[in-house]
Amino acid sequence: MGGRLLDATGGFVGSLSPRIPGEQDFTPVLHRLTPTETTTSAEPEIDYEGLPPGAATSTHMLAGSVAGIMEHCLMYPIDCVKTRMQSLHPEPAARYRNVMDALRQIVRTEGVWRPIRGVNVLAVGAGPAHALYFASYEKIKFSLSDSVHPGANSHFANGVAGCVATVLHDTIMNPAEVVKQRMQMFNSPYRGVLDCVGSLLRRDGPAAFYRSYTTQLTMNVPFQALHFMTYEYLQELLNPHRQYNPSSHVASGALAGALAAAATTPLDVCKTLLNTQEAQAVHLLRPAAAATTSAPGARHISGLGEACRTVYRTGGAPAFFKGVHARIIYQMPSTAISWSVYEFFKYVITERRHERSRRRGGGDRDGAK
């Protein structure tokens with residue numbers, strides 16, 4: 001069955017992909033019936049890529065929340081290694097040859113649970129942050145695509161949607177990132193998440209939780225724009241009919257994450273410095289301030305410009321790519337997990353909604369639309 005277009009009566013449908021013999025059909029389609037079709041056509045199915053208006057937001061938020069929590073929790077040990085490898089002045093016991101060497105040393109010298117220290121605060125932040133992230137992305141993407149390029153995928157719409165979703169996501173996630181990275185550092189002085197939060201509030205005030213916010217956005221806006229555009233482009237190549245296809249979601253997510261991660265590593269190094277306020281880097285940048293003031297909160301690196309200067313003074317241009325391999329190794333499975341889990345839950349939730357609607361009388365609902 002070929003693609004159908006908007007007809008004169010105002011009904012619209014998606015498109016059905018050609019079926020491969022023996023392949024299970026995972027592509028439900030949103031289809032509005034005309035009065036003449038109601039009595040002759042089979043009951044319509046719902047497209048999980050284009051959810052009914054009443055169900056879309058809640059479905060995207062639930063699927064996004066689960067995807068975000070799983071992504072961050074499963075990959076947290078690699079994230080811990082990445083943070084440490086981005087240290088500008090690592091202590092001798094925290095100098096690692098590669099990701100696996102780092103994990104072995106951390107477990108051997110600091111205990112088996114050390115690589116996941118602070119994961120609880122990230123899980124708490126990732127749920128609502130990713131729920132808002134995916135819901136706003138889907139809403140903006142479909143709305144803008146209809147205006148810019150009706151009936152087709154728009155890379156511009158994907159990029160803009162990714163940027164707006166990132167701003168909302170980082171507003172929630174940035175405080176969790178600050179606490180998480182403080183807990184991940186070698187010889188972290190905090191007993192736990194609450195101790196870290198209390199210490200930051202006492203020393204630097206609430207501003208400490210958003211000191212890296214502008215840098216985070218400066219990094220994540222191009223990261224997510226590149227990430228989403230690459231993901232959607234790869235989906236056009238690997239999954240042109242936008243079926244539920246786990247292998248294509250995993251491959252597209254992994255490649256998109258790797259490309260975006262490599263391109264934005266310099267900004268991630270600066271963000272890590274702003275979040276951790278590495279003591280030796282602070283004293284290197286402001287020896288005069290360290291000697292003339294006794295207020296700990298008065299000595300800190302602030303802003304992307306100052307962070308860039310500190311990184312460059314410490315190790316030159318190569319310092320901006322510290323931990324790049326760990327970042328790519330973290331982001332590839334991370335984005336693959338996120339997209340595959342998100343698409344899976346979106347598909348399952350939509351199917352369940354459709355089943356409930358069908359039991360209540362799907363034909364009446366379609367007519368009401």
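Summary of computed values
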{"item": "Segment 74-96, subset open to solvent by 40 Å² or more (accessible area, probe 1.4 Å) and not hydrophobic (A, V, I, L, M, F, W, C), residue farthest from Gln181 (Cα to Cα)", "result": "Pro92"}
{"item": "Members of segment 333-348 found to be open to solvent by 30 Å² or more (accessible area, probe 1.4 Å) and of a type in the set (Val, Ile, Thr), listed by number", "result": "Ile337, Val348"}
{"item": "Ala307 under 29 Å from Val282 (Cα atoms) and in a helix (DSSP H, G or I)", "result": "yes"}
{"item": "Candidate set: segment 102-130, residues that are assigned to a helix (DSSP H, G or I) and over 27 Å from the mean Cα position of the chain (by Cα); chosen: the one surrounded by the most Cβ atoms within 10 Å (Cβ to Cβ)", "result": "Gln105"}
{"item": "Any hit, segment 301-313, residues being modelled with pLDDT of 90 or more, within 30 Å of Gln243 (Cβ to Cβ) and within 30 Å of the chain's Cα centre (by Cα)", "result": "no"}
{"item": "Any hit, segment 66-88, residues being more than 28 Å from Val167 (Cα to Cα), touching a residue at least 40 places away in the same chain (Cβ under 8 Å) and either assigned to a helix (DSSP H, G or I) or of a type in the set (Phe, Trp, Tyr) (or both)", "result": "no"}
{"item": "Those residues of segment 303-330 which are within 22 Å of Gln235 (Cα to Cα) and open to solvent by 20 Å² or more (accessible area, probe 1.4 Å), in sequence order", "result": "Ile328, Ile329"}
{"item": "First in segment 143-160 and more than 12 Å from Phe228 (Cα to Cα) and open to solvent by 70 Å² or more (accessible area, probe 1.4 Å), second anywhere and at pLDDT 80 or above and among the aliphatic types (A, V, I, L, M), Cβ under 7 Å, 6 or more apart", "result": "Val148/Ala157"}
{"item": "Index of the failed condition, Phe209 passing every other in (1) in contact (Cβ under 8 Å) with a residue 24 or more places away in the chain; (2) buried (at least 21 other Cβ atoms within 10 Å of the Cβ); (3) not β-branched (Val, Ile, Thr)", "result": "(2)"}
{"item": "Failed item in (1) open to solvent by 10 Å² or more (accessible area, probe 1.4 Å); (2) in contact (Cβ under 8 Å) with a residue 60 or more places away in the chain; (3) closer than 27 Å to His60 by Cβ; (4) not polar (S, T, N, Q), with Glu138 passing the rest", "result": "(1)"}
{"item": "Filter result for the condition that a residue is closer than 18 Å to Thr272 by Cβ and crowded, with 22+ Cβ neighbours inside 10 Å, over Val99, Val179", "result": "Val179"}
{"item": "Residue that is farthest from Lys346 (Cα to Cα) [pool: residues in segment 56-100 that are under 19 Å from the mean Cα position of the chain (by Cα) and hydroxyl-bearing (Ser, Thr, Tyr)]", "result": "Thr83"}
{"item": "Yes/no for Ser147 being part of a helix (DSSP H, G or I), touching a Phe, Trp or Tyr at 6+ places or on another chain (Cβ under 7 Å) and not aliphatic (A, V, I, L, M)", "result": "no"}
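The values are calculated or read from the model by the stated rules, or taken from the named source; none is laboratory data. From a predicted model like this one, the values you see are computed outputs, not experimental measurements. Every residue, glycine among them, receives a Cβ derived from its backbone with ideal geometry; neighbour counts consider all protein chains shown. Just the protein is used for accessible areas: all its heavy atoms, side chains included, with ligands, DNA and RNA removed. Shrake-Rupley method; radii C 1.70, N 1.55, O 1.52, S 1.80 Å.
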